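Colleague: To start, I am sharing the structure in question, which I have written as structure tokens.
The values are calculated or read from the model by the stated rules, or taken from the named source; none is laboratory data. Since the model is a prediction, treat every value here as computed from it, not as a measurement. Because the Cβ atoms are built from the backbone with ideal geometry, glycine has one as well, and the counts that use them run over all protein chains shown. Note: accessible area is taken over every heavy atom of the protein model, side chains too, but ligands, DNA and RNA are not part of it. Shrake-Rupley method; radii C 1.70, N 1.55, O 1.52, S 1.80 Å.
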Amino acid sequence: MKPYALVIHGGAVTMKPGELSPEEEAAQREGLREALRAGWQILHDGGTALDAVEAAVRTLEDNEHFNAGRGSGLTQQGEVKMDAAIMDGRTLNAGAVSAVRYAQNPISAARAVMDGSPHVCLSDEGAVEFALEKGLAMKPPSYFLTEKTRRQWLEIVQGEGAEAMHDTVGAVALDRAGNLAVATSTGGIEGQLKGRVGDSPVIGGGTYAGNEACAVSCTGDGEVIMRGALAHEVFALVKHKEMPLVDACQQAIELRDEDLQGDKGMIALDKDGAIALEFNCNLMRRAYRVGEAEPVVAMWREEAPPQTPQTR
């Protein structure tokens, strides 16, 4: 039996000192702990990596302190349109939803697309109708309108110079059977144009997993990550060049940096249980737990939590 592990993230961003209040930071740290606990327990009990990443991301989607599910940013029109994807590293099966409304947990809608449709991605009204057919929990628009997102949206549409939120949440897992999985979910960019699709639901863009190499979930500036196909870039470097996971993530983040400028972050987990948490900004909300070792939660770059030894 292989070691089991779970790594999660709650978004990467460049943030000015003092912009994140102590109360908000404490809430986000606790949210990471809760999500890690939810996914890790499934792995600990012998469950699948696929179930673990879905559970971890569902927990983050239910937490208004993260830009996914309930805490999603608002489009230019003041609406919530969410993206999510999930992928099974054992079979390469994947499911995604794009610009979906009302779904309490977009990641579960993505799982339903993977498990119950012939397609990989459904969008907008089609995704909503499919989620309803599958009996998934739905919420009214008011559920997703938090005071934080309303305030940020108003500042942006009124041209007050507020920085658009572009966070994401994600998880990668390795189960006791040696299978990898990944899940990524986002509320997109605050004030984004109607119809915009980010990297999270793009298989190979912000989300990818294959048992022969690794699982990767990205966060940051979605357009940059999508143009670089960064999740698959990491996978390819590990698979074809046999590059250590941390090195592969670092190289992917630096890929054509002069053309792909912006916040870039990623979590990754390889088939041997090595982990990577790499980012080029000053903040990435992140946590991991390997086997029965103590859980690790960190946010700021200078915390630099230890990573498991490389196995390549």
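Colleague: With a cut-off of 8 Å between alpha carbons and a minimum separation of six or more residues, what is the relative contact order of the stretch 92-251 in percent?
Modeller: Across the stretch 92-251, relative contact order equals 17 percent.
Colleague: Please state the shape class of the stretch 1-151: rounded when a/c is under 1.5, otherwise prolate if a/b exceeds b/c and oblate if not, all from the C-alpha gyration tensor. All intermediate terms of the calculation are to be shown ahead of the outcome.
Modeller: Values: a/c = 2.09, a/b = 1.11, b/c = 1.89.
Oblate, since a/c reaches 1.5 and b/c is not below a/b.
Colleague: Continuing with the same structure: Pick out which of 56, 131, 171 has the largest mean-square fluctuation in a Gaussian network model of the chain, springs linking Cα atoms closer than 10 Å.
Modeller: Its mean-square fluctuation being the largest, the pick is 131.
Colleague: Report, ordered by chain and residue number, the lysines lying within cross-link reach of residue 139, taken as a straight Cα distance under 16 Å and ignoring same-chain residues fewer than 8 apart.
Modeller: Within the straight-line limit of under 16 Å, residue 139 reaches these lysines: 81.
Colleague: I need the phi-derived Karplus couplings for the stretch 99-107: 6.51 cos²θ - 1.76 cosθ + 1.60, θ = phi - 60°, integer Hz, Gly and Pro marked x.
Modeller: Coupling constants for the stretch 99-107: 6, 8, 10, 6, 5, 4, 10, x, 5 Hz.
Colleague: Please find, in a Gaussian network model of the chain (springs between Cα atoms separated by less than 10 Å), the residue of 295, 118, 106 whose mean-square fluctuation is greatest.
Modeller: The residue with the greatest mean-square fluctuation here is 118.
Colleague: Specify whether the C-alpha gyration tensor of the stretch 217-312 places it in the rounded, prolate or oblate class, a ≥ b ≥ c being the square roots of the eigenvalues: rounded for a/c under 1.5, otherwise prolate if a/b is larger than b/c and oblate if not.
Modeller: Oblate, since a/c reaches 1.5 and b/c is not below a/b.
Colleague: Pull up all non-local amide H partners of residue 138: gap of 5 or more, or a different chain, and H-to-H distance under 5 Å with H placed in the peptide plane.
Modeller: The answer is 104.
Colleague: Something else: Among the trypsin sites (Lys or Arg not before Pro) in the stretch 175-255, which ones are in a DSSP loop with at most 12 other Cβ atoms within 10 Å of the Cβ? Mind listing them?
Modeller: Answer by residue number: 194.
Colleague: Provide the percentage of antiparallel DSSP beta bridges, counting only those with both residues in the chain; round to the nearest 5.
Modeller: Antiparallel bridges make up about 95 percent of those DSSP assigns within the chain.
Colleague: A further question on this structure: For the stretch 1-63, run through the GluC sites (Glu not before Pro) and keep only the ones in DSSP coil with at most 16 other Cβ atoms within 10 Å of their Cβ.
Modeller: Here the GluC sites (Glu not before Pro) that fit, given the DSSP loop and packing criteria, are 19.
Colleague: Right, something else. Tell me the carbon and sulfur percent of the accessible area for the stretch 126-277, rounded to whole percent, probe radius 1.4 Å.
Modeller: Using a 1.4 Å probe with all protein chains present, the stretch 126-277 comes out at 49 percent carbon and sulfur.
Colleague: Now a separate question. Rank 281, 214, 249 by mean-square fluctuation in a GNM of the chain with C-alpha springs under 10 angstrom and give only the top-ranked residue.
Modeller: 281
Colleague: When the Cα centres of the stretch 83-153 and the stretch 177-220 are compared, how far apart do they sit, in Å?
Modeller: One Cα centre to the other: 13 Å.
Colleague: Suppose a student asked you for the relative contact order of the chain, using Cα pairs under 8 Å spaced at least 6 residues apart; what percent would you report?
Modeller: Worked out over the chain, it gives 23 percent.
Colleague: Out of these labelled values of semi-axes √(5λ) of the Cα gyration tensor in Å, [x] 32, 22, 19; [y] 27, 22, 18; [z] 32, 28, 15, which was calculated from the coordinates shown here?
Modeller: Read-out taken from this structure: [y].
Colleague: Follow-up question, since we're still on this one. Rounded to the nearest 500, what is the chain's calculated 222 nm mean residue ellipticity when only DSSP H runs of at least 4 contribute -39500 (n - 2.57) each, over all residues?
Modeller: Roughly -9500 deg cm²/dmol at 222 nm, from the helical runs in the chain.
Colleague: Further question on the same structure: Taking the Cα centre of the stretch 1-98 as origin, sum charge times position over the Cβ atoms of Lys and Arg (+1) and Asp and Glu (-1), and report the length of that vector in debye to the nearest 20.
Modeller: Roughly 320 debye, rounded to the nearest 20.
Colleague: In the stretch 1-52, what trypsin sites (Lys or Arg not before Pro) fall in a loop by DSSP, with at most 13 other Cβ atoms inside 10 Å?
Modeller: Filter output for the stretch 1-52: empty list.
Colleague: With charges set only on the Cβ (+1 for Lys and Arg, -1 for Asp and Glu), what does the dipole of the stretch 165-312 come to about its Cα centre, in debye to the nearest 20? Intermediate values should be presented prior to the final figure.
Modeller: Numbers: 14 positive and 22 negative charges, 72 e Å.
With only Lys, Arg, Asp and Glu charged at Cβ, the dipole is about 340 debye.
Colleague: List the lysines whose Cα lies under 20 Å from the Cα of residue 239, skipping any in the same chain that are fewer than 8 positions away.
Modeller: Cross-link targets: 2, 271.
Colleague: Turning to a different aspect of this structure: At 1.4 Å probe size, with every protein chain present, just tell me what the per residue accessible area of the chain comes to in Å².
Modeller: Here the per-residue accessible area is 39 Å².
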